[in-house]
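Data first, discussion second: the structure below is written as structure tokens.
The values are calculated or read from the model by the stated rules, or taken from the named source; none is laboratory data. Keep in mind the model is a prediction, meaning the values are calculated, not measured. Every residue, glycine as well, gets a Cβ built from its backbone with ideal geometry; the counts of neighbours run over all protein chains shown.
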Amino acid sequence: MTRKELSDEELRRILEESDFECSEIESTYDDSDADRTFKVDEGSNSESSTTSNDIILPSKKRKIEPTPGPSNRPNSPGKDSSDDSVVAPRSNYVVWSEVCVSDKLNKFVYSGRPGFRQEKINHQNPVDFFLLFFDKEVQDLLVTETNRYAEQQILNGICEETVSEHSIVSKWYDTDAHELMRFFGIIIWMGLDQKPTLRDYWSKKVLYKSEVAKLGRMSRNRFEALLHFLHISDNENCPSGDRLYKISPLVQMLNRKFQHLCNPKDKICIDETMVPFRGRLSFLQYIPGKRHKYGVKLFKLCVDGGYTYSVKIYGGGGGIKTSDKPLATRVVMELMEPLLNTGRTLYTDNFYTSVGLAHELNDNQTHLVGTLRQNRKLNPKAVTSAKLKKGEIKMQQSNTKVVVAKWKDKRDVLFLTTRAVPEMVEVPTKRGSVLKPSTIVEYNTAKGFIDISDQKASYSSPVRRGIKWYRKIVVELLTNTVLVNAMVVFKEVTGKNMSITEFRENIVCALLAVENQPKTENQVQHSIENKKTRGRCSACYKKYSEREGRHSAMKNAKKVYSFCRACSENATYMCVSCFFERHTSFVN
């Protein structure tokens with residue numbers, strides 16, 4: 001059978017009967033409802049390429065498949081397969097126009113009672129406010145999972161015959177809440193007293209000698225064992241693909257406590273912060289503008305004073321997407337969920353701000369104010385492409401009550417607001433008063449909520465280097481975020497002003513049950529006394545050990561009965577010659 005070529009008329013008839021359009025043969029379909037001024041820009045995929053008066057409509061052009069046949073597009077439930085109509089989202093019908101002085105944006109009334117629920121707070125000491133968040137529920141979680149993880153590791157070590165006689169695993173015994181609180185008290189103290197390594201905190205060297213570890217009633221080996229087995233969740237029940245399973249129970253628990261205690265004011269802020277980490281991790285982030293460029297990224301929602309209201313850990317983009325919305329919009333809507341429909345104003349930077357997010361928040365009676373990136377979808381081209389001189393401002397308003405403006409300072413500043421039409425106001429500076437848009441002034445004030453929280457957490461932070469990412473986040477949340485929140489509540493309730501360092505000192509002393517006051521008793525005078533038993537001179541032993549090794553010290557160190565009571569902490573036994581070498585300044 002020979003293949004017959006189709007004529008132009010037959011080809012036209014086949015295309016008209018099929019569900020496809022061809023750009024080479026013009027269709028006789030008359031779209032009488034189309035806007036006469038509408039033009040499809042086939043050379044650009046950005047919605048910001050239209051003019052200020054254009055209406056952005058969905059394109060009616062359809063992709064030409066390589067072989068003709070029935071359409072493979074799924075039909076919506078309840079629709080006939082022959083129906084070709086497409087319902088476009090509201091954001092596709094945004095119309096931009098010039099802003100008038102009489103224009104009014106949406107007004108959402110905030111009628112809440114901001115502050116902390118003081119009826120649940122009857123404390124005056126810093127440690128009591130700290131335990132509002134680090135309470136029995138959190139302690140029980142850490143104790144249970146730490147003991148479980150230690151048991152699992154010990155059983156695995158026994159089965160694989162990897163547990164040695166002198167390892168910390170073989171000497172493990174279950175911990176409890178009291179020991180755990182002393183453990184975290186020592187961790188907070190380590191941030192106040194920085195030493196090169198963890199073992200230096202138990203060192204007897206003159207440069208590193210300290211009484212705190214001894215007063216905490218915890219040996220170095222026990223501290224290292226607790227640090228090694230510290231855990232949040234059961235590894236055996238980890239669901240497949242959940243990257244944040246190791247830390248999620250603690251984050252959810254703390255978020256619930258943060259939100260229960262505080263009723264935020266009308267201004268709130270969202271931004272990201274970094275927990276430093278340089279190990280191998282699938283969702284490790286690099287942000288060059290941060291103090292710690294590499295680490296795990298946390299999204300934080302903060303309120304006035306630096307109080308953290310909610311935290312979300314970014315686990316990377318490899319998970320299953322539950323929404324077609326951009327990451328920034330999903331993060332904002334998740335963190336803002338308890339505060340929607342309350343008339344509050346959210347302040348964000350250009351990573352989050354978009355016209356689409358403004359529509360989402362407008363639907364939930366929440367204002368949005370923030371800086372804006374020039375290449376965001378739905379941005380008005382007349383504003384983004386405007387050439388301004390210093391001090392000039394160009395703005396446009398959409399039919400959805402969103403204002404986008406560009407203001408020229410040292411460089412162009414593009415911003416968005418749904419709260420109020422920007423006005424130029426005088427702002428006093430060191431060099432005199434300058435004119436700035438009112439939206440920028442509000443944004444600079446509210447954006448400082450996150451900065452205050454991060455700044456306070458950075459002072460005497462106990463976060464140290466480690467290979468376990470979840471342990472670093474545990475230390476960050478419980479010794480920095482929780483502690484800063486406790487100090488904010490302490491100042492608000494008691495009215496006392498206290499620095500973050502002094503606040504940490506008070507908590508350490510309370511957790512370790514020690515007094516933060518200098519000793520007033522008279523010093524014990526150095527003198528030689530005798531014991532009933534004999535032992536090696538500690539000074540001789542140390543001298544030979546450092547010079548010739550431990551075996552030489554065991555052989556050559558003198559065995560004596562004498563000791564110095566004032567030096568008994570560092571020298572149990574001391575010969576007469578070593579005594580006078582150390583105490584020549586006390587000899588008359």
Could you tell me how many of the residues in region 77-130 are more than 30 Å from residue 406 (Cβ to Cβ), of a type outside the set (D, E, K, R), surrounded by 10 or more Cβ atoms within 10 Å (Cβ to Cβ) and at pLDDT 75 or above?
10
Right, residue 314: surrounded by 14 or more Cβ atoms within 10 Å (Cβ to Cβ), in contact (Cβ under 8 Å) with a residue 40 or more places away in the chain and under 24 Å from residue 491 (Cα atoms) or not?
no
Residue pairs meeting the criteria (Cβ under 6 Å; at least 6 apart or on separate chains; first without any contact (Cβ under 8 Å) to a residue 12 or more places away in the chain, in region 259-287; second surrounded by fewer than 16 Cβ atoms within 10 Å (Cβ to Cβ) and assigned to a loop (DSSP other than H, G, I, E, B))
286/293
Out of the residues in region 169-200 that are more than 29 Å from the chain's Cα centre (by Cα) and in a helix (DSSP H, G or I), which is surrounded by the most Cβ atoms within 10 Å (Cβ to Cβ)?
200
Looking only at region 339-353, which residues are surrounded by 15 or more Cβ atoms within 10 Å (Cβ to Cβ) and either among the aromatic types (Phe, Trp, Tyr) or farther than 13 Å from residue 416 by Cα (or both)?
339, 340, 342, 343, 344, 347, 351, 352
Considering residues that are of a type in the set (A, V, I, L, M) and at pLDDT 90 or above, the number found within region 185-218 is 5
Here the residues within region 399-417 that are surrounded by 14 or more Cβ atoms within 10 Å (Cβ to Cβ), of a type in the set (S, T, N, Q) and assigned to a loop (DSSP other than H, G, I, E, B) are 400
Consider residue 587 against the criteria (1) within 18 Å of residue 209 (Cβ to Cβ); (2) at pLDDT below 75; (3) not small (Gly, Ala, Ser): it satisfies all of them except one. Which criterion is unmet?
(1)
Does residue 303 satisfy the criteria of being of a type outside the set (Asp, Glu), modelled with pLDDT of 90 or more and not assigned by TED's automatic domain parsing to the domain that holds residue 139?
no
Hey, could you check region 207-265 for residues that are of a type in the set (A, V, I, L, M), part of a loop (DSSP other than H, G, I, E, B) and over 30 Å from residue 449 (Cβ atoms) and say which is farthest from the chain's Cα centre (by Cα)?
207
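Rundown of residues vs (1) in contact with a strand residue (DSSP E or B) (Cβ under 6 Å, 6 or more places away or on another chain); (2) part of a strand (DSSP E or B), yes/no style:
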site: 394; (1), (2): yes, yes
site: 397; (1), (2): yes, yes
site: 419; (1), (2): yes, no
site: 422; (1), (2): yes, no
site: 435; (1), (2): yes, yes
site: 451; (1), (2): no, no
site: 454; (1), (2): yes, no
site: 460; (1), (2): no, no
site: 463; (1), (2): no, no
Filter result for the condition that a residue is assigned to a loop (DSSP other than H, G, I, E, B) and either among the polar types (S, T, N, Q) or loosely packed, with under 14 Cβ neighbours inside 10 Å (or both), over 390, 325
390
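Would you check if residue 267 is modelled with pLDDT under 85 and not small (Gly, Ala, Ser)?
no
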